[in-house]
Every structure is written in C-alpha cells, then in structure tokens.
Amino acid sequence: MSAQPSGSGPVPSLDLDPFDEAFLADPYPHHHALRDAGPLLWLERLQCYAMARYDDVSAALRDHQRFCSGRGVGLTDFAREEPWRPPSLLLEADPPLHDRTRTLMNRIVSLPALRALRPVWAERAGELAERLVAMRRFDAVRDLGEVYPMMVFPDTIGLRREGREHLLTYAGTTFNAFGPRNAVLARSMEQAADAIEWVAASCKRENLSPGGWGMAVYEAADRGECTPDEAERLVRSFLSAGVDTTVNGLAQMMLAFASFPGEWTALRHRPALLRRVLDESLRWDGTVQTFFRTAACDVPVGDMVIPEGSKLLLFLAAANRDPRKWEAPDRFDISRQTSGHVGFGFGIHQCLGQMVARMEADLMLEALLPRIASIRLAGPVERRINNTLHALASVPVEIEPA
C-alpha cells in the first residue's frame, strides 16, 4: 500500500477501521466523520485512501479510466497479490474485456427475457404472500428474503436441484473477500467450504439445464463470443451476486416499512409509488456498503493527489445518506426522487442484476400490498457481519391482514 502523497496538499487522516466488527454491525454513526473529514481522506489502519461524500463517490465510480476495477474491487491489489479465485470478468475487469463480457451478459439478462419470466415469478410471489399473511408473524429474512429468490432464481439459471441451499452461503463469502483477510473472512471461508465446491461444479456446462441463462452463456461461447473458461466464470458471476444481495434487499424493504410504518400506509394509498420503493430502500440502507478502486494514474483531488497504484475505498452507503445531496437523508421516504443513488454502483460497472432485483422486489410488493394493512417489528433486528454487505440475519415482523 502507498503512503500519503508528498508535494501536494495534506490529506486528512482518520484512525478508524471500517472492517472492525463493531463498525460493520452499525456503520452509520461513523459516516458523519468520514464525510466531514473532506472530499478525500487517508485511513491509517488500512493504509489507503477513501471517499464518502456523494459527489466524490459517484464521480469516482463513473471514472473507470482513472479508477480501475481490474486490479480488484477489494483491498487486495491483483497486480501484487493472487486473488482467492479467478477475478470476475464483469466486476473486476476493465475495458475492452469488460465491454465484451458485459455486452454478452446484457443480451442474456435482457428486458424481453425478464418479461418472459414475469408471469411465473408473479405466481410464486403470490403463493409466498398467501403463506406469509396466514402466518401473521414471520421473519423477513428466513421466511421471505431467503425464500422468494430461491423459488425463482436457480431455475432461471438452470442449476441442478441438489445442493441449492449452498447459494445462501456462497455469496456472503464472495463479498467478505473484498475486505481484509480478517477474522470475518476466515470464519466465512471455513463455513462456506462445501458451498464453494458446489458452486464451482455447478458452473460447469454439464451441470446446467438447457434453456437457462447459464447454458445461454455457454452457447455464446459456442458462437465465439467468449471462451469456455470465460463462460464458466461468467456463470459464476450470476451465483456470486444473484442471491445474497436480493435476500438482503427484500428483507431490508420490510425493515424499512416496519421502521417507518407510515410509508406502508402511503404506498397503499398511492400504489404508483411502488417502483420507487427498492431504490429508496437501497439509498436508506444499502446492502452493498463499500467497494474499492485502484488509481490507474496520479489523480488530483482538489489540491491533493492520489498516487498511481493506491487503493481507494468508496463508501457507497455514506454517499447515499450525504446531506449535501439528500434532504433528511436518514429518513426512508418512498416519495423521494432517488435518481442517482449508488446502491447499485454507478457507471459501466453498475450492477448487472439490478433489473432482476427490481423485478423480484416489485412482484413481491405487488403481492403483499393488497394483502397487508400494516407492518411492525415484532422483536430485535439481528445483523450478519460481512466485510462488504450490511447483511441481515433476522427481522421479525408482525402484519395486520388487509
């Protein structure tokens, strides 16, 4: 890691560890200090630079030429260290490789493809909503967030049925690996050993069903759009980011409505606002809290400079509650215009699966809205510590049927 630059203005230094378990459990009290320190700061514990204000974070995410992803979007610099698994050809790649693989995947995860899936996904959402309403009290993580994606996503990819539960373990480990090699990662790797093995096998062509998105990637390889090895890594990208973030996204929406019950009443009165809910939920408490970039050259920031090769930690969640950008940022408000939030990232590396997440969230809300009159918390919220995700372990809620 590089030291602070010489020959430029001083970079404010903060002596905090954003991967400390207490910080990870409740990061928001620390975000004020990060934003107030300035547009650029130095994290002494990590020996890297950081940004937490909205304008600076969004600008860095857009600037893929000066802030590259190909050297890893975690603390590990792939130019200096071996990654624990082959880098993602989407998240951890720069143009022109990224453009080629992203174009291929965009054709598979397309609007027509999603429209074709909508009737079946809507039916599954209705079935689950009926069960939840009958329960009256349920856990928004275990009974909703972990259930609905598993009802629709594995079949869409074409995954074998045996062992699908490993998906719920695997993705969390992937996101843990973006942080330092700390106790959080070590525990995760130990717990996910079987899941990592299952995913590696499930990404192979012989284990995918015809007609799914996974097989479609291999068919693109047959046409020469990628190599067979790239196809396997691209299928893995589906499994890395297609479940855990959606699990937390669905549970987070329920937590938001339980924390601000007037917003559920407002949505029932104005159902046209439904399409804004997921975006506002991600802005209010983003599932993905941070990502790194690496400076591809010396980058000026005001009278300061980020030297080439330096790691830069971007606090997405802090940017999404920056009062310089958002009015009353700590409030969940479904009438808010959330355009520009960075909960899905920004720029060319914006989340590939966001259309999938939006459709799952919208269909689940459409199923719940006419059936539920109110939502309230029924017990303490429990967090699952993760180096990158503000993940949920339990959100007990009680509903009043409509």
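Restricting the search to the stretch 68-96, which residues are open to solvent by 60 Å² or more (accessible area, probe 1.4 Å) and over 16 Å from Glu308 (Cα atoms)?
Glu81, Glu82, Trp84, Pro86, Pro96
Quick one: which residue in Ala140, Ala216, Ala195, Ala186 is surrounded by fewer than 16 Cβ atoms within 10 Å (Cβ to Cβ) and of a type outside the set (Asp, Glu)? Don't jump to the end; show me each part of the working.
Working: Ala140 fails: surrounded by fewer than 16 Cβ atoms within 10 Å (Cβ to Cβ); Ala216 fails: surrounded by fewer than 16 Cβ atoms within 10 Å (Cβ to Cβ); Ala195 fails: surrounded by fewer than 16 Cβ atoms within 10 Å (Cβ to Cβ).
Only one candidate passes the filter, namely Ala186.
Which of (1) open to solvent by less than 10 Å² (accessible area, probe 1.4 Å); (2) modelled with pLDDT of 95 or more; (3) of a type outside the set (Ser, Thr, Tyr) is the odd one out, the single condition Gly286 does not satisfy?
(2)
Considering each residue of the stretch 352-377, count those that are more than 19 Å from the chain's Cα centre (by Cα) and open to solvent by 20 Å² or more (accessible area, probe 1.4 Å), and give that number.
The total comes to 7.
From Val133, Val147, Val152, which residue is surrounded by 14 or more Cβ atoms within 10 Å (Cβ to Cβ), farther than 30 Å from Asp20 by Cβ and without any contact (Cβ under 8 Å) to a residue 24 or more places away in the chain?
Within the list Val133, Val147, Val152, the selection yields Val147.
Inside the stretch 283-300, can you point out the residues that are of a type in the set (Ser, Thr, Tyr) and closer than 21 Å to Asp77 by Cα?
Thr290, Thr294
Of all residues in the stretch 353-380, how many are touching a Ser or Thr at 6+ places or on another chain (Cβ under 7 Å) and assigned to a loop (DSSP other than H, G, I, E, B)?
Of the residues in the stretch 353-380, 0 are touching a Ser or Thr at 6+ places or on another chain (Cβ under 7 Å) and assigned to a loop (DSSP other than H, G, I, E, B).
Has the stretch 215-230 got at least one residue that is modelled with pLDDT under 95 and among the aliphatic types (A, V, I, L, M)?
No, that holds for no residue.
Name the residue that is surrounded by the fewest Cβ atoms within 10 Å (Cβ to Cβ), counting only residues in the stretch 293-351 that are in a loop (DSSP other than H, G, I, E, B) and at positive phi.
Here the answer is Ala328.
All but one of (1) surrounded by fewer than 20 Cβ atoms within 10 Å (Cβ to Cβ); (2) β-branched (Val, Ile, Thr); (3) over 30 Å from Asp94 (Cα atoms) hold for Val395, so report the exception by its number.
(1)
Looking at this structure, is Thr265 over 30 Å from Ala367 (Cβ atoms), over 17 Å from the mean Cα position of the chain (by Cα) and among the β-branched types (Val, Ile, Thr)? Steps first, answer last, please.
Working: over 30 Å from Ala367 (Cβ atoms): no; over 17 Å from the mean Cα position of the chain (by Cα): yes; among the β-branched types (Val, Ile, Thr): yes.
For Thr265, the condition - over 30 Å from Ala367 (Cβ atoms), over 17 Å from the mean Cα position of the chain (by Cα) and among the β-branched types (Val, Ile, Thr) - is not met.
For the stretch 57-67, does any single residue satisfy the condition of being open to solvent by less than 50 Å² (accessible area, probe 1.4 Å) and more than 14 Å from Gly347 (Cα to Cα)?
no
Residues of the stretch 219-276 being β-branched (Val, Ile, Thr) and farther than 30 Å from Val397 by Cα, which ones?
Residues satisfying the conditions are Thr227, Val235.
The values are calculated or read from the model by the stated rules, or taken from the named source; none is laboratory data. The structure presented is a predicted model; accordingly, all values stated were derived computationally and were not measured. Cβ sites come from the backbone with ideal geometry, for glycine too, and all protein chains shown count toward neighbours. Keep in mind that these areas ignore ligands, DNA and RNA; they rest on the heavy atoms of the full protein, side chains included. Shrake-Rupley method; radii C 1.70, N 1.55, O 1.52, S 1.80 Å.
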